[in-house]
Ligand code: FES
Ligand code: FES
């Protein structure tokens, strides 16, 4: 038996018939074809599958597709692309915060959520925010640097915007 679900992914609405046991991660990757979201452990341990569900960062391997019915999902493809990258995507490249890249989409989704909620995080707060996103390659130092760099430049942009309105 399949259930018909309707969900919005990166601003586009999809109606899909899914098996009730299928995870949101599998729906995103296999039904919708957005493979930027990675499947690592498939059990909520690595964070590689992180997406925003109604604005909240979740492990999409722990959410059933049917639970996402009538909800809104943002994946890494919705954050930015090669032509219009998110500042975090640019900073990860600039700081060499990507090696194999497997953790990167989930890491960036978590970091984006952090910066949206806390635009000026301390190093400690960045480390705490990404503690559920495992990276086997980088040692995290460059990832943390990249996130802090974006926080500084986004803050600079906001401050300049405020000044220009005075
Ligand atoms: S694949 Fe979802 S947490 Fe690892
Ligand atoms: S860059 Fe390889 S797991 Fe993070």
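The values are calculated or read from the model by the stated rules, or taken from the named source; none is laboratory data. Nothing here was measured: the structure is a model prediction, and the numbers come from that model. Every residue, glycine as well, gets a Cβ built from its backbone with ideal geometry; the counts of neighbours run over all protein chains shown.
With respect to the numbered conditions (1) under 28 Å from residue 126 (Cα atoms); (2) away from ligand 1 (no atom under 13 Å from the Cβ); (3) in contact with a strand residue (DSSP E or B) (Cβ under 7 Å, 6 or more places away or on another chain), which one is the sole condition not fulfilled by residue 5?
Of everything listed in (1) under 28 Å from residue 126 (Cα atoms); (2) away from ligand 1 (no atom under 13 Å from the Cβ); (3) in contact with a strand residue (DSSP E or B) (Cβ under 7 Å, 6 or more places away or on another chain), residue 5 misses just condition (1).
What about residue 84, is it away from ligand 2 (no atom under 16 Å from the Cβ) and either in contact with a helix residue (DSSP H, G or I) (Cβ under 7 Å, 6 or more places away or on another chain) or free of Cβ contacts under 8 Å to residues at least 12 places away in the same chain (or both)? Working first, answer last.
On the way: away from ligand 2 (no atom under 16 Å from the Cβ): yes; either in contact with a helix residue (DSSP H, G or I) (Cβ under 7 Å, 6 or more places away or on another chain) or free of Cβ contacts under 8 Å to residues at least 12 places away in the same chain (or both): yes.
When the stated conditions are applied, residue 84 passes them.
If you take the residues of segment 10-24 that are under 14 Å from residue 71 (Cα atoms) and surrounded by fewer than 23 Cβ atoms within 10 Å (Cβ to Cβ), which of them is farthest from ligand 2 (Cβ to nearest atom)? Give the derivation first.
Quick first cut of segment 10-24, residues under 14 Å from residue 71 (Cα atoms) only: 10-16, 24.
Now drop any that are not surrounded by fewer than 23 Cβ atoms within 10 Å (Cβ to Cβ), which leaves 10-16.
On the way: 10: 23, 11: 28, 12: 28, 13: 32, 14: 29, 15: 34, 16: 30 Å.
Looking at the filtered set, the residue picked out is 15.
Can you work out which of the residues in segment 89-104 that are in a loop (DSSP other than H, G, I, E, B) and within 9 Å of ligand 2 (Cβ to nearest atom) is nearest to residue 56 (Cα to Cα)? Steps first, please.
If we filter segment 89-104 for residues that are in a loop (DSSP other than H, G, I, E, B), which is where we start, we get 95-103.
Filter again for within 9 Å of ligand 2 (Cβ to nearest atom), leaving 97-103.
On the way: 97: 24, 98: 24, 99: 27, 100: 26, 101: 23, 102: 21, 103: 18 Å.
Among residues in segment 89-104 that are in a loop (DSSP other than H, G, I, E, B) and within 9 Å of ligand 2 (Cβ to nearest atom), the one nearest to residue 56 (Cα to Cα) is 103.
Select from segment 105-144 the residues that are within 14 Å of ligand 2 (Cβ to nearest atom), assigned to a helix (DSSP H, G or I) and in contact (Cβ under 8 Å) with a residue 12 or more places away in the chain and list them in ascending order.
105, 106, 107, 108, 109, 110, 111, 130, 132, 142, 143, 144
Restricting to segment 27-37, count the residues that are in contact with a helix residue (DSSP H, G or I) (Cβ under 7 Å, 6 or more places away or on another chain) and surrounded by fewer than 21 Cβ atoms within 10 Å (Cβ to Cβ). Break it down stepwise before answering.
The initial filter retains those residues of segment 27-37 that are in contact with a helix residue (DSSP H, G or I) (Cβ under 7 Å, 6 or more places away or on another chain), namely 27-28, 34-37.
Among the residues that remain, those that are also surrounded by fewer than 21 Cβ atoms within 10 Å (Cβ to Cβ) are: 34-36.
Residues that pass the stated criteria total 3.
Quick one: is residue 121 closer than 16 Å to residue 10 by Cβ, outside the structural domain of residue 11 (by TED's automatic domain parsing) and in contact with a helix residue (DSSP H, G or I) (Cβ under 7 Å, 6 or more places away or on another chain)? It would help to see each step written out before you state the result.
Values: closer than 16 Å to residue 10 by Cβ: no; outside the structural domain of residue 11 (by TED's automatic domain parsing): yes; in contact with a helix residue (DSSP H, G or I) (Cβ under 7 Å, 6 or more places away or on another chain): yes.
When the stated conditions are applied, residue 121 does not pass them.
Within the group 70, 6, which residue is more than 19 Å from residue 143 (Cα to Cα), in a loop (DSSP other than H, G, I, E, B), touching a residue at least 40 places away in the same chain (Cβ under 8 Å) and more than 16 Å from the chain's Cα centre (by Cα)? Outline the logic, then answer.
Values: 6 fails: in a loop (DSSP other than H, G, I, E, B).
Just one listed residue meets the conditions, 70.
Name every residue in segment 39-67 that is in a helix (DSSP H, G or I) and touching a residue at least 40 places away in the same chain (Cβ under 8 Å), in order of residue number. Let's see the steps before the verdict.
Step one: of segment 39-67, the residues in a helix (DSSP H, G or I) are 60-62, 65-67.
If the condition is that a residue be in a helix (DSSP H, G or I) and touching a residue at least 40 places away in the same chain (Cβ under 8 Å), then 65, 66, 67 are the ones that fit.
Quick one: is residue 131 modelled with pLDDT of 95 or more and more than 17 Å from residue 88 (Cβ to Cβ)?
Details: modelled with pLDDT of 95 or more: yes; more than 17 Å from residue 88 (Cβ to Cβ): yes.
Here the answer is yes, as residue 131 does meet what is asked.
Out of everything in segment 11-26 that is out of contact with any strand residue (DSSP E or B) (no Cβ under 6 Å at 6 or more places or on another chain) and not in a strand (DSSP E or B), what residue ends up being nearest to residue 107 (Cα to Cα)?
The qualifying residue nearest to residue 107 (Cα to Cα) is 25.
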